Amino acid sequence: MAKLTGWWEGRSDPARFELYTRWSLYSFAAIEIFLVLGAVQRSDSPTGARVVLWALLGQSVLCGVLVSRVLDWALGRRERPTGLLAVLGGVTALAVLFVVVLRARGTLSPGGEAVQIIIGFTSFAIGPAVLNIRRPRWILLLIAGTAALVAALSAVAGLPGAETLGYAVSVAAGGAGMAFTFRGSAWILVVVWELDAAREAQSRLAVAEERLRFGRDLHDVMGRNLSVIALKSELAVQLAQRGRPEAVEQMVEVQRIARESQREVREVVRGYRSADLQVELAGALSVLRAAGVDCRAEGDDGTTLSPAVQSVIAWVVREGTTNVLRHGDARSCVIRLLVPPSGPAVLTMENDGAADDIAAAGPTGPGTGLTGLRERVGALGGTLTAEPDAGGVFRLTARVPLPRAAGIRDTQALGSPSTEGAA
């Protein structure tokens, strides 16, 4: 049983829908044969009936081939089959002309036989033909032109005016129905494949976005740690050259930071890396002072903020510290956190190494770290700016809207004990 159904089950949903659509449109060729064949058999001219029958078979094959190639063209798999469409139009016009001549000679009855054959030839040719046309106005012109051509041939053959008008109306109605059926089926097929392609593109974009997120998180995590490792290693070398025992302590600290970096990288990989504001503030003070930067913290300690806001501000402190260590030649740095009773929490990091910070940002704007920070702050509806002022001070400012966690005490005033003191 699996062998019988494998050809279907092994296809994707769009491929299944395409197969269903194709064979549904192919079936119209068989419907045309049965429709016209019954009328041809009632003809009084055996020779004329055989000619119409051969024209019918030839046109049905052309319609099937044209449907296949036009669907491939609509899906972008092959060139537009304009030549085959011209051949189908010529065969259809000759077949209609021959049927009109048979009707004029009286070998076909004026009732259903002639109308049935003419509608079969024209309508089933219009269906595949409209697949080759993109603009609706040209489809309407094709239907009207076909009806006008049938009317003109009937009039030239000397058929009565009422009968000529009946042929034209029947051809127009039948052609419109077939055009709607074929065009709608092809349009839905194209939309299905486009939706499938969009879904695949969305999956690829999600993967790419996750890779970018991972890269930014890794940069944020490792940037400061590597800077501290380099700083302390350089200090240890200088102390060792002088024969100072403090060199061992510095290398022990390097070892500790390296192990901490390994842990943080594992957390980034697992996807639940977060930052603690108090830890980052204390670490920033310690690291910058070790680098010879006069650093102090002012304002609130951040304990009144919700965990989400604290985490975002902690990332800003970490990245700001990394920029001061790696890019700046700062001699002083101030970290100020303000949490007013209403309005956003504002973190400001100011240092006097503005020239080097601007050069590190590059001519086109801040680098990966600040870009990642803007996304983190923006996720909570906040803003992040990084710019120098006229006095040569580089200022990194993050504004993160509250809410704060429920039940947390009110914020401290600007003169409250600083993080430096708490540390």
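Please report the carbon-and-sulfur percent of the accessible area for the stretch 53-143; probe 1.4 Å, protein heavy atoms only, DNA, RNA and ligands left out.
Working: 2710 of 4120 Å².
On the stretch 53-143, the fraction of accessible area on carbon and sulfur atoms equals 66 percent.
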Given unit charges at Cβ for Lys, Arg (+) and Asp, Glu (-), the dipole magnitude of the stretch 98-212 about its Cα centre in debye, nearest 20, is 260 debye
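Using the Cα gyration tensor of the stretch 21-162, with a ≥ b ≥ c the square roots of its eigenvalues, what is the shape: rounded (a/c below 1.5), prolate (a/b larger than b/c) or oblate (neither)? Show your work: numbers first, answer last.
Values: a/c = 2.47, a/b = 1.63, b/c = 1.52.
It comes out prolate by the Cα gyration axes.
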Given a 1.4 Å probe, the accessible area of the stretch 63-180 per residue, as a whole number of Å², is 45 Å²
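Report the extension gain between Y20 and A379 in nm, rounded to one decimal, defined as 0.36 nm multiplied by the number of residues separating them, less their alpha carbon distance.
Fully extending the segment from Y20 to A379 adds 124.7 nm.
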The set of residues whose placed amide H lies less than 5 Å from the amide H of V293, leaving out same-chain residues fewer than 5 positions away, is none
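Sort the following peptides by mean Cβ neighbour count (other Cβ atoms within 10 Å, averaged over residues), highest first: 341-347, 126-132, 331-337. Provide the component values of the computation, followed by the final result.
Numbers: 341-347: 16.4, 126-132: 24.7, 331-337: 20.0.
Final packing ranking: 126-132, 331-337, 341-347.
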Protection proxy (average C-beta count within 10 Å per residue), highest first, orders 72-83, 389-400, 15-26 as 389-400, 15-26, 72-83
Taking 378-387, 288-297, 238-247, 307-316 and ranking on average Cβ neighbours within 10 Å, highest first, one gets 307-316, 288-297, 378-387, 238-247
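Quick one: accessible area per residue over the stretch 234-335, 1.4 Å probe, rounded to a whole number of Å²? Walk me through the numbers before you get to the answer.
Numbers: 4910 Å² over 102 residues.
Here the per-residue accessible area is 48 Å².
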Karplus ³J(HN,Hα) for the stretch 332-347 (6.51 cos²θ - 1.76 cosθ + 1.60, θ = phi - 60°; Hz, whole; x = Gly/Pro) runs 8, 8, 10, 10, 10, 10, 10, 10, x, x, 9, x, x, 6, 10, 10
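The values are calculated or read from the model by the stated rules, or taken from the named source; none is laboratory data. The structure displayed is predicted, hence computed values, not measured ones. Every residue, glycine as well, gets a Cβ built from its backbone with ideal geometry; the counts of neighbours run over all protein chains shown. Protein only, heavy atoms only, side chains kept; ligands, DNA and RNA dropped before computing areas. Shrake-Rupley method; radii C 1.70, N 1.55, O 1.52, S 1.80 Å.
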